[in-house]
Structures are given as structure tokens and as C-alpha cells.
Amino acid sequence: MMKHDVELADASIFSHYTQWLPMRPLGGLRKRVFDVVGALILLVLFSPLFLLIAIAVKLDDRGAVLFGHQRVGHNGKSFRCLKFRTMVTESDARLAAYLAENPAALAEWATTRKLRHDIRVTTTGKVLRKLSLDELPQLLNVLRGDMSLVGPRPIMGEEMARYGDCGRHYLRSRPGLTGKWQVSGRSDTTYEERVQLDSQYVEHWSFVGDVWIILKTVPVVLFARGAR
């Protein structure tokens, strides 16, 4: 395990990046203050929506309202990324069975880590995903310091192998609630394009750029551009 105690199933994935670790988070104190203030304001504004979504999720499928999955954060530290639950219970088992029976779906999953027609998603979940409302609980991750309002899209540990040298850019920043990928086509982009967008964001970061991405996120969410 690395000296900053990475809590991942296979820390050897990160051995290629140890020469750059540990690093201070991208944007420093100014970005962190902006994150905390922005997240607090958004949590207050969206609190009635949080309640409505929680009720809808519970009525649609009797499982838990929130779902947490391990993601890679700044410097490779693992954290529990929160979302409103959009999938049926026992979704992992259902996915495994579905991929085993459908070679085309397996190939799509291997390439993009997504499915155009995901049989695990609930009726309410489809709406939440279309409008990106399932990701609102990540505002709590922002307050905790796991994430930033703007940054690379949070990924699983196994995906680091696909980032190559670009992985050092990803590990330099806190993952974002929104980012260049979300305002550049989202699911209409390839995985390789997404990696490049994450790297470009980190390499050319600016405070003004963060504000611009947040402003561009609003119409993307409202009109569900690139969402599936």
C-alpha cells in the first residue's frame, strides 16, 4: 500500500504514479472555499427537491434512497461517492447475468463502462439520470472534501489502467460534480475523449474556467444534452 493509505482493492495500479504523489489539490484554498460555499448554497436551495426525489425513489423501489460506490479521489485516496439510487436492488448480480447472456452488451460495457439500455435502472432512475439529478447527493462529498464542484469525472480504481500517463492529471485534482466531460457531450463522447478532457481540464485549470463550466452545466442539465 502507498504511504498515504490508499484504500483500494489493488493499490499496485497506482505504482506508476507514486513519483507525483502526494500532491496538493488543484486550485488550492481558493478552489476549496468556492466549493464549500457553493455546495452549502446549493444544498439549501435544493433541499425541497431532495425530499421529493427521496420519496419517489422509495415509492418506486423499496430499497435504500442513497447509493454509495467507491471511487478514486485526490492522490489516489478511495472515497464513497454518493448518488440517489437509480438501480434495482442486487443490481450487480443482474448485470453479471445480463452480460453473460449478451455478448454485444458485454463488448459495450468493456469499452465504455456504460450501457445504452441498462436493465438495472428503475423508472424513477431513468428520469433522475436524464436530468443528472441522481448526482445531487455528491454535494455532501464536496463538503467533506472528497470532491469539488468542478473536476474530472470520478472513476473506479480499475479504470486507472486506462488513463495511462493521464492518470497523474486525474490524481492531482478532486473529482468533480461537473466538468469538461459533462459539458462536452457526456455519453456522446468516447472513453478516450473523456480521458483527454479530464487531462485538459487539469493542465489548463483556472478559476474563471470553473465558473464557466458551472454556467454551461445549467443548459446541459435542463435540456439533457448527451444524457442516456
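Rounded to the nearest whole angstrom, the semi-axes of the ellipsoid equivalent to the range 23-105, taken from the Cα gyration tensor as √(5λ), stand at 31, 23, 9, largest first. Report the longest stretch of the chain that contains none of the chymotrypsin sites (Phe, Trp or Tyr not before Pro) sitting in a DSSP loop with at most 16 other Cβ atoms within 10 Å. Counting at most 16 other Cβ atoms within 10 Å as exposed, the longest clean stretch of the chain is 47-222. Checking every one of the trypsin sites (Lys or Arg not before Pro) in the range 116-225 against DSSP loop status and a limit of 11 other Cβ atoms within 10 Å picks out Arg116. Surface composition of the range 24-103: carbon and sulfur make up 66 percent of the accessible area, probe 1.4 Å. The calculated FRET efficiency for Ala100 paired with Phe223, based on their beta-carbon distance and R0 = 41 Å, is about 0.65. Computed over the alpha-carbon pairs of the range 109-160, the distance histogram in 5 Å steps reads 4, 14, 20, 22, 23, 14, 3 percent, short to long.
Rounded if a/c is under 1.5, else prolate if a/b is larger than b/c, else oblate: which is the range 71-178, with a ≥ b ≥ c the root eigenvalues of its Cα gyration tensor? Because a/c hits 1.5 or more and a/b fails to exceed b/c, the range 71-178 counts as oblate. For mean projected area of the Cα convex hull in nm², the value calculated from this model appears in [x] 13.1; [y] 15.4; [z] 12.2 under label [z]. Applying 1/(1 + (r/R0)^6) with r as the Cβ-Cβ distance of Leu131 and Lys58 and R0 = 22 angstrom yields a FRET efficiency of 0.75.
The values are calculated or read from the model by the stated rules, or taken from the named source; none is laboratory data. Worth saying up front: this structure is predicted, and the values here are computed from it rather than measured. No Cβ is skipped: glycine too gets one built from the backbone with ideal geometry, and neighbour counts run over all protein chains shown. Calculation scope for accessible area: heavy atoms of the full protein, side chains included, ligands and nucleic acids excluded. Shrake-Rupley method; radii C 1.70, N 1.55, O 1.52, S 1.80 Å.
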